[in-house]
Amino acid sequence: MSDSSTPPRRTATHCPYCALQCGIWLDTDASGAVTVEPRNFPTNQGGLCQKGWTSVELLDSPARLTSPMLRRNGRLVPVSWDEALAYVAERCRELQARHGADAVGIFGGGGLTNEKAYQLGKFARVGLGTATIDYNGRWCMAAAAAGGGRAFGLDRGLPFPLADVGAAQTLLLVGANPAETMPPFARYLVAQRQAGGSLIVVDPRRTPTAAQATLHLQALPGTDLALANGLLHIAIALGHLDEAYIAARTTGFERVRRTVAGYWPERVERITGVPVPQQRRAVQLLGQAETAIILTARGAEQHSKGADTVNALTNLALALGLPGTPGSGYGCLTGQGNGQGGREHGQKADQLPGYRRIDDPAARERIAEVWGVPADSIPGAGRSAYEMLDALGTPEGAQGLFVLGSNPVVSAPNARRVEERLRALDFLVVFDFVLSETAALADVVLPVAQWAEEEGTMTNLEGRVLHRQRLRPPPPGVRTDLDVLAELAELLGSKAEFSPEPREVFAELRRATEGAPADYSGISYERIDAEDGVFWPAPSAAEATPRMFLASFAHPDGKARFLPVEHRPAAEETDERYPLHLTTGRVMQHYQSGAQTRRIPTLSEAAPEAFVELHPDLGTRLGIAEGDQVRVVSRRGSAEGPARLSDAIRPDTLFMPFHWGGRGRVNSVVGAALDPVSKMPEFKITAVRLERIAGREGRQGP
């Protein structure tokens, strides 16, 4: 019998979900039961959302995988680790011998620790010798990263601490709903309003975030670029430019001035639906503020013009003198838990660790030296995420694929097509701790540790590198990703060393990033613990960078760039057959593809299925009542769910969350048009029609 007076053992760590990476305590009592308590960490300040409170429930879930599985006669059956890994290595050798090195690919994830993201990129280039690698962060942060890189010379989601958000006199959120997607962030919005600040939200829905706003601009999905150009037009007309800042710290403004001259307010209202007085009010709130911050998220970025939309907003920010000014700035809200670190260390198709470019000869020489291989043995850039998945099983694409930290059967755009291509592979290996929709298609499933069963680092939305401490070892039969990659590299005959130990991998990552744009060389686990995280770049143990660009930007001349960008329609426009716009997003209870949160009873009971949100006027016109089963149909596929009538959404727009597979898989509807700059898919606007499913009516009346 346990002694109830024994104090619990406390482990300081971080929530496994979004990029806020809230600090938490994991308390283990004498019986071994684990509970969660929020920590008073700088980011969450003692706050925690429902997902964080329930995060430990998955550790002992009956849905956990505890043995490798191999497909035999069409069924996945348990096998030993030795048999599973030997089979994986043999199949990789066979496919590469028959089709070439790039015939085996890797699809990674933005939730992997820095150590795993680094090791995965190294495993691809050295263990497999393949250029075929990308990750699901391409669908999350690619447009923001590309736009930020073009404007400032370097991308870090928030180039300032979250505390600056709460202190800004005016805050403009474009395509962001943090009140639902990262609820503890809302405390910064509350603090900002309590201090007398103004909040402007651009969103086609009156979300919980927009409901708090001083001003809600309910723009048509896909028109944020035109709106940003229009706001800059008004700022010029009203004299709100910071002329001294523009002259001293930027280049290219005159070309942008000429471009936005064509975005007069009445034209912008016709494009966006935002009334002229609201446009003027937004500019006044921004232009008259002593400090102002512009933040974007996926609503603005997940478009076939995502990078250009970001740059329309960086143009506005630069014209007002915000980036690199204390208390002001421009930033993007990173989504996945390690969406920042995950895009820095080499699991991206065109990248080497530290934000180095894979086509840079000096970067290749440096990384080759760290890895102990010839520089010319490192493959070049491969295809972007959707392009890679779209080519699977074709003569031009990979024939075998590793999937780690992702569930593309649910999360990919044009998901029916992606599922077909995954099924067409000769060989699919999935590392996971539950049998996700993607794992269910695999030839080999490898059970790997969860967040509390391994050590590592994460980089949150501020660029603050954090220490995720291990609570306990993984259960019998389960191994860590690093351990599995190290053994596979050995089985494949790699001449480079692959450590299974996170601290050793991080030490190598530090060497690999020394002198790089994302320099971690001055960061250690001990320093992270002592300082509540360390902001990169940190080129020495005495340096860190909470606020970037204060003295100069990262372009060679130290100046930020204005880039002229033009509005263009969505890749798919509405017509008589598909007269409505569909946009997608998250709900508070779930995370990403839902593979984790749908297996936590508290969360799945609170949000059990996908739904379709529509305006009551549209419901009346189509004969749809609250709760009726409806079908959203596009040129590619359909998704189903109960109707939710709400005047919070535009009458010409539908909303569906993307956390479910099966009939509720909204990404079956979404297209695969890609931004030419970042290769971001157009998740956030699709031309659709809405159908009531006969015989499946819901509630009649209120």
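Structure above, values below:
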| item | result |
| --- | --- |
| Loop-located trypsin sites (Lys or Arg not before Pro) in segment 321-423, at most 11 other Cβ atoms within 10 Å (DSSP) | none |
| With all protein chains modelled, accessible area of Ile649 [1.4 Å, Å²] | 0 Å² |
| About the Cα centre, charge dipole magnitude for the chain (Lys/Arg +1, Asp/Glu -1 at Cβ), debye | 1300 debye |
| Residue-by-residue Karplus 3J(HN,Hα) for segment 517-523, coefficients 6.51, -1.76, 1.60, Hz, glycine and proline x | x, 9, 8, 9, 5, x, 9 |
| Largest to smallest accessible area among Ser552, Ser198 [probe 1.4 Å] | Ser552, Ser198 |
| Bridge type composition, segment 565-648 - antiparallel percent by DSSP, nearest 5 | 60 percent |
| Centroid-to-centroid separation of segment 272-297 and segment 413-490 [C-alpha atoms, Å] | 42 Å |
| Long-range HN-HN contacts of Asp432 with modeled amide H, under 5 Å | Leu446, Val448 |
| Mean accessible surface per residue for the chain, computed with a 1.4 Å probe while every protein chain stays in place, in Å² | 34 Å² |
| Of all accessible heavy-atom area on segment 1-109, the percent that carbon and sulfur account for (1.4 Å) | 50 percent |
| Residue-wise HN-Hα coupling along segment 670-675, computed from phi with Karplus coefficients 6.51, -1.76, 1.60 (Hz; x: Gly, Pro) | 5, x, 10, 4, 10, 5 |
| Calculated [θ] (222 nm, deg cm²/dmol) that DSSP helices of n ≥ 4 give over the chain, each run adding -39,500 (n - 2.57) | -8000 deg cm²/dmol |
| Residues whose placed amide H lies under 5 Å from that of Ile133, excluding near-sequence neighbours | Ile106, Gly382, Arg383 |
| Loop chymotrypsin sites (Phe, Trp or Tyr not before Pro), segment 390-441, which have at most 11 other Cβ atoms in a 10 Å radius of their Cβ (DSSP) | none |
| Total charge dipole magnitude, segment 317-463, about the Cα centre, Cβ charges on Lys, Arg, Asp, Glu only, Debye to nearest 20 | 380 debye |
| Accessible area, probe 1.4 Å, largest first, for residues Arg650, Arg577 | Arg577, Arg650 |
| Accessible carbon and sulfur surface of segment 554-622 relative to its total accessible area, %, 1.4 Å | 47 percent |
| For segment 202-212, 3J(HN,Hα) per residue [Karplus equation, 6.51 cos²θ - 1.76 cosθ + 1.60, θ = phi - 60°, Hz, x = Gly/Pro] | 9, 6, x, 10, 7, 6, x, 6, 5, 5, 8 |
| Accessible area of Glu437 in the full protein assembly, 1.4 Å probe (Å², nearest 10) | 50 Å² |
| Residues with amide H under 5 Å from that of Ala595, placed H, sequence gap 5 or more | none |
| Probe 1.4 Å - accessible area at Ser377, Å² to nearest ten | 60 Å² |
| Exposure ranking of Met388, Met588 by accessible area [1.4 Å probe, largest first] | Met588, Met388 |
| Lysine-lysine proximity count for the chain, Cα under 29 Å, sequence distance 8 or more or distinct chains | 18 |
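The values are calculated or read from the model by the stated rules, or taken from the named source; none is laboratory data. Every value quoted in this text rests on a predicted model; they were computed, and no experiment measured them. Please note: Cβ atoms are built from the backbone with ideal geometry, for glycine as well, and neighbour counts cover all protein chains shown. Heads up: the accessible areas ignore ligands, DNA and RNA and are worked out on the full protein's heavy atoms, side chains in. Shrake-Rupley method; radii C 1.70, N 1.55, O 1.52, S 1.80 Å.
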